[in-house]
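Trainee: Questions regarding the structure given below will be posed in turn.
The values are calculated or read from the model by the stated rules, or taken from the named source; none is laboratory data. Just so it is clear, the structure is predicted and the values come from calculations on it, not from any experiment. With ideal geometry, Cβ positions are generated from the backbone for all residues, glycine too; neighbour counts draw on all protein chains shown. The accessibility values were calculated without ligands, DNA or RNA, using every heavy atom of the protein model including side chains. Shrake-Rupley method; radii C 1.70, N 1.55, O 1.52, S 1.80 Å.
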Amino acid sequence: MNFEQALDVANAAVFAKFGRYLTDVETIIVMGAWQNQTYEQIADAAGYSVSYFTRDAGPKFWKFLSQALGEPVSKTNFQAALERQRSLSTRAEIPSKDFDSNDDVLEFPSGPVPLHSPFYIERFPIEQRAYAQISKPGSLIRIKAPKQMGKTSLMHRILAHAKPAGLRTVQLNLQRADSTIFTSLDKFLRWLCANVSRQLDLEPKLDEYWDEDIGSKVSCTLYFQSYVLAKIDSPIVLALDDVNRVFEYPEISTDFLPLLRSWYEDAAELEIWQKLRLVVVHATEAYIPLDINQSPFNVGLPIKLPELNVEQVQDLAIRHKLDWAKGEVGKQNLAPLLAMVGGHPYLIRLALYHLARLESLEELLQASYTVSGIYSDHLRRHLANLQEHLELAAALKRVVVAPEAVTLEAIAAYKLESMGLVKLEGNRAIPSCKLYQLYFREQLSQANEH
């Protein structure tokens with residue numbers, strides 16, 4: 001039994017018991033558990049807090065699925081329970097929704113797009129430029145886009161392209177670092193060096209190179225130059241994902257970001273630094289003022305991931321076997337979806353996934369910004385974040401109720417863009433798409449009424 005078959009069985013049991021299908025969050029839990037992921041890994045891939053899954057969504061879901069299957073079900077035994085359920089019925093008995101053979105190739109959009117997925121859409125010539133750049137000694141690639149726009153998916157493809165060329169790769173996601181790592185620059189740089197060493201199968205020897213008299217930045221640089229780069233014969237690609245997390249710690253970012261810039265510049269003079277290639281992935285620019293000669297955000301190859309255009313959305317729809325999306329008529333058929341969510345890759349993919357399972361586009365869009373729509377979990381996650389940061393909620397409300405672009409305070413603008421909720425021209429903001437405008441106009445107005 002593969003994942004899609006297991007998902008069918010779960011949906012059938014839930015429908016038979018409760019008259020509904022699994023929500024997006026419930027599907028994410030099943031997918032993560034199927035892949036033996038921890039709740040931390042599931043949360044990281046889906047963009048939720050770990051506590052949301054461990055304390056709320058996870059326990060509730062397994063209790064809910066236990067009721068649907070008529071036996072105790074947990075994260076560790078659910079596959080066997082679904083197999084037993086499957087043996088009691090056939091796919092033909094699954095009610096109401098037609099789970100056809102198309103399900104065998106569908107992927108529920110959650111986290112980065114797998115390397116060999118048919119649903120990854122290249123945004124020519126971005127990939128080609130990145131692949132060419134990473135082959136250059138001492139190169140630096142900067143990938144910028146709001147959340148869920150495909151940054152990590154592209155990063156994975158750059159690393160996959162580098163490996164056959166004989167480059168060693170190291171990938172670090174700053175969102176996975178403990179909060180205590182960000183209490184000082186020294187602790188952060190030691191964390192960086194230790195992780196790089198272990199991924200390269202080197203014994204961490206930080207104490208041999210760390211000297212408080214010369215400072216953390218010089219110690220870190222010497223560790224890379226005299227140990228890591230000297231020990232590894234081949235070039236190394238260091239990919240840093242979610243670098244925008246460090247922006248929130250000015251006492252670290254004002255030193256760390258210029259340090260990256262200095263390593264890039266050292267490659268012009270020192271041959272050993274040409275062995276290091278950097279990939280820096282971030283959702284926004286740092287809102288901390290940096291000297292133009294120290295910032296890593298004005299050197300190297302900049303890649304700002306755009307939304308998918310009409311032709312790319314059409315291509316993706318056809319890959320979902322939606323025949324009505326073909327040709328010029330297909331573009332017209334897709335126009336209402338584009339009007340609602342723009343070319344946002346995740347929002348588009350989620351819609352196409354449901355449409356490929358024979359749901360109606362008209363009904364999907366009518367319910368899109370409601371609590372019963374396919375985006376309800378995605379929207380609730382954003383709303384929960386805003387409710388924890390009332391200054392951001394107030395800033396976003398100004399944006400969604402205004403008839404034109406609104407000027408925002410710099411930090412609020414940075415954070416809302418990082419969340420993907422607004423688009424910026426300078427500090428002037430507009431809603432990222434009609435979906436967000438409709439949903440948050442209603443929800444944030446209701447919050448004020450209460």
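Trainee: For region 70-90, how many residues are surrounded by 19 or more Cβ atoms within 10 Å (Cβ to Cβ) and assigned to a helix (DSSP H, G or I)?
Mentor: Going through region 70-90 one residue at a time, the tally reaches 4.
Trainee: Picking from Tyr21, Tyr52, Tyr48, which residue would you name as being touching a helix residue (DSSP H, G or I) at 6+ places or on another chain (Cβ under 8 Å) and part of a helix (DSSP H, G or I)? Give the steps one after another, and end with the answer.
Mentor: Values: Tyr21 fails: part of a helix (DSSP H, G or I); Tyr48 fails: part of a helix (DSSP H, G or I).
On inspection, the qualifying residue turns out to be Tyr52.
Trainee: When region 134-154 is examined, which residues are found to be of a type outside the set (D, E, K, R) and open to solvent by 30 Å² or more (accessible area, probe 1.4 Å)?
Mentor: Within region 134-154, Ser135, Pro137, Pro146, Gln148, Thr152 qualify.
Here's the yes/no breakdown for (1) hydroxyl-bearing (Ser, Thr, Tyr); (2) at pLDDT 95 or above; (3) touching a helix residue (DSSP H, G or I) at 6+ places or on another chain (Cβ under 8 Å):
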{"residue": "Leu308", "(1), (2), (3)": "no, yes, yes"}
{"residue": "Asp315", "(1), (2), (3)": "no, yes, no"}
{"residue": "Asp323", "(1), (2), (3)": "no, no, no"}
{"residue": "Gln332", "(1), (2), (3)": "no, yes, no"}
{"residue": "Ala339", "(1), (2), (3)": "no, yes, yes"}
{"residue": "Ser372", "(1), (2), (3)": "yes, no, no"}
{"residue": "Leu386", "(1), (2), (3)": "no, no, yes"}
{"residue": "Arg398", "(1), (2), (3)": "no, yes, no"}
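Trainee: I'd like the full set of residues that are modelled with pLDDT of 90 or more, of a type in the set (S, T, N, Q) and surrounded by fewer than 16 Cβ atoms within 10 Å (Cβ to Cβ), limited to region 403-450.
Mentor: Thr407
Trainee: Would you confirm whether or not region 202-217 contains a residue that is more than 21 Å from Ile303 (Cα to Cα), among the polar types (S, T, N, Q) and in a helix (DSSP H, G or I)?
Mentor: For region 202-217, residues more than 21 Å from Ile303 (Cα to Cα), among the polar types (S, T, N, Q) and in a helix (DSSP H, G or I): present.
Trainee: Okay, next question. What pairs can you find where one residue is in region 396-412 and closer than 9 Å to Ala429 by Cα, the other is polar (S, T, N, Q) and outside any loop (DSSP other than H, G, I, E, B), and their Cβ atoms are less than 9 Å apart, with a gap of 6+ or different chains?
Mentor: From region 396-412, the pairs are Val399/Gln437.
Trainee: Let me ask something else. List pairs: first residue in region 252-267 and touching a residue at least 12 places away in the same chain (Cβ under 8 Å), second residue among the acidic types (Asp, Glu) anywhere in the structure, Cβ distance under 9 angstrom, at least six positions apart or on different chains.
Mentor: Between residues of region 252-267 that are touching a residue at least 12 places away in the same chain (Cβ under 8 Å) and residues that are among the acidic types (Asp, Glu), the close pairs are Pro258/Asp291.
Trainee: A further question on this structure: Could you please give the count of residues in region 155-179 that are touching a Ser or Thr at 6+ places or on another chain (Cβ under 9 Å) and open to solvent by 50 Å² or more (accessible area, probe 1.4 Å)?
Mentor: Qualifying residue count for the region: 4.
Trainee: While we're here: Residues being assigned to a strand (DSSP E or B) and either of a type in the set (Lys, Arg) or exposed (fewer than 15 other Cβ atoms within 10 Å of the Cβ) (or both): count how many of those fall in region 218-247.
Mentor: As a first pass, look at region 218-247 and keep what is assigned to a strand (DSSP E or B): 236-241.
Those still in the list that are either of a type in the set (Lys, Arg) or exposed (fewer than 15 other Cβ atoms within 10 Å of the Cβ) (or both) too: none.
Summing the residues that are assigned to a strand (DSSP E or B) and either of a type in the set (Lys, Arg) or exposed (fewer than 15 other Cβ atoms within 10 Å of the Cβ) (or both) in region 218-247 gives 0.
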